[in-house]
Amino acid sequence: MSAVPPRLGLPCPGDGVGLREEHYPHLMRTPPRLWGVDWFEAITENYLDNRGWGLRVLEHVAAHRPVVLHGVSLSIGSTAPLDMSYLAKLRALAERFEPLWISDHLCWTGVHGRNSHDLLPLPLTEESLAHTAARVRAVQDVLGRPLIVENPSSYLEFADSRMPEWEFLARLAEAAGCGLLLDVNNVHVSAFNHGFDPIAYLDAIPADRVVQIHLAGPSDHGTHLIDTHDCPVPDPVWDLYAHAWRRCGPVATMVEWDANIPPFEDVAAELAKARTVRAATALAA
């Protein structure tokens, strides 16, 4: 595969995993040369007001590997005013650790200052698109760097929506000048739940805006999938990853594992499967 220029001037650090508390002891006692991963994604909110052990671990990890910050509370799609206190803390954290990029989700997370701790879907309308693009531009101005926006998993859709999510994301990236975090597992989950073609979704995403790919394992409840990140990446997600890689690669790839978290070595082994998938994809090309 021919080399792809850096998206938005951002590098491709290789294959990474999420920085999780369960793995702090392993990372602190194991020489970094034996970690077996190229970079780490840290959940922003875990470190914004942290003055303890977690921040010390992040300092250690960032001294040896590139890191990115991944948020869950920006609420970019909300009609509430942007939380300038949150953004000030986020900017300070970024200035301290110099992440490769900062990402968050295409969603809203609460109203009237109350955080639901859920990544809630938006009505996919022209009005919502214009509103969200303006907020992304405002956030980028405050942070002084591009925002990378992730497609969420969803379980319900707004009756008022007038375009598919992939069109909304593509137009948002163009209008706001932001990058995209393509969560292949979320595409799989939402496609199953809503009955759309996941390949059509991947084919419609602008490859030159994709900065990162997420992989994870959902839980299967028969009539629907839930984005639980509590198991290995299933075969349908690996198949979608292969397709996404053909369109978008080379691009930073990461495995998320947030519940029933196994030892660090097991997460790293799951991540290593991505190399196998890419190799098979190259042979089939």
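Just a few scattered comments:
- Scanning the stretch 261-273 for residues that are out of contact with any helix residue (DSSP H, G or I) (no Cβ under 7 Å at 6 or more places or on another chain) and open to solvent by less than 50 Å² (accessible area, probe 1.4 Å) yields P262, V267, A268, E270, L271, A272.
- Verdict on I76 being modelled with pLDDT of 95 or more and either over 24 Å from A259 (Cβ atoms) or of a type in the set (D, E) (or both): yes
- Residue satisfying all of: in the stretch 33-42; open to solvent by less than 40 Å² (accessible area, probe 1.4 Å) and out of contact with any His (no Cβ under 6 Å at 6 or more places or on another chain); farthest from E98 (Cα to Cα) among these: W35
- Selection from the stretch 225-255 of residues that are small (G, A, S), touching a helix residue (DSSP H, G or I) at 6+ places or on another chain (Cβ under 8 Å) and crowded, with 23+ Cβ neighbours inside 10 Å: A244
- The one condition in (1) open to solvent by less than 10 Å² (accessible area, probe 1.4 Å); (2) under 22 Å from H117 (Cα atoms); (3) over 18 Å from the mean Cα position of the chain (by Cα) that G71 fails to fulfil: (3)
- Test for F158: is it of a type outside the set (V, I, T), over 26 Å from W39 (Cα atoms) and touching a strand residue (DSSP E or B) at 6+ places or on another chain (Cβ under 7 Å): no
- Unique residue being open to solvent by 10 Å² or more (accessible area, probe 1.4 Å) and among the polar types (S, T, N, Q) when the list is T125, T132: T125
- Subset of the stretch 74-96 [surrounded by fewer than 20 Cβ atoms within 10 Å (Cβ to Cβ) and not charged (D, E, K, R)]: S78, T79, A80, P81, L82, M84, S85, Y86, L87, A88, A92, A94
- Failed item, numbered, when L27 is tested on (1) buried (at least 18 other Cβ atoms within 10 Å of the Cβ); (2) at pLDDT 95 or above; (3) within 25 Å of C178 (Cβ to Cβ): (3)
- Verdict on D258 being open to solvent by 60 Å² or more (accessible area, probe 1.4 Å), under 24 Å from L119 (Cα atoms) and either of a type in the set (D, E, K, R) or outside any helix (DSSP H, G or I) (or both): yes
- Screening the stretch 170-183 for residues that are out of contact with any strand residue (DSSP E or B) (no Cβ under 6 Å at 6 or more places or on another chain) and not small (G, A, S) and picking the one that is most open to solvent (accessible area, probe 1.4 Å) gives E174.
- Residues that are open to solvent by less than 20 Å² (accessible area, probe 1.4 Å) and of a type in the set (D, E) are absent from the stretch 217-224 altogether.
- Residues that are among the hydrophobic types (A, V, I, L, M, F, W, C) and either under 15 Å from Y155 (Cβ atoms) or buried (at least 20 other Cβ atoms within 10 Å of the Cβ) (or both) within the stretch 98-122 comprise L100, W101, I102, L106, C107, W108, L119, L120, L122, listed in sequence order.
The values are calculated or read from the model by the stated rules, or taken from the named source; none is laboratory data. Keep in mind that what you see is a predicted model, and the values were worked out from it rather than measured. Virtual Cβ from ideal backbone geometry, glycine too; neighbours counted across all protein chains shown. These accessible areas exclude ligands, DNA and RNA; they are computed on the full protein's heavy atoms, side chains included. Shrake-Rupley method; radii C 1.70, N 1.55, O 1.52, S 1.80 Å.
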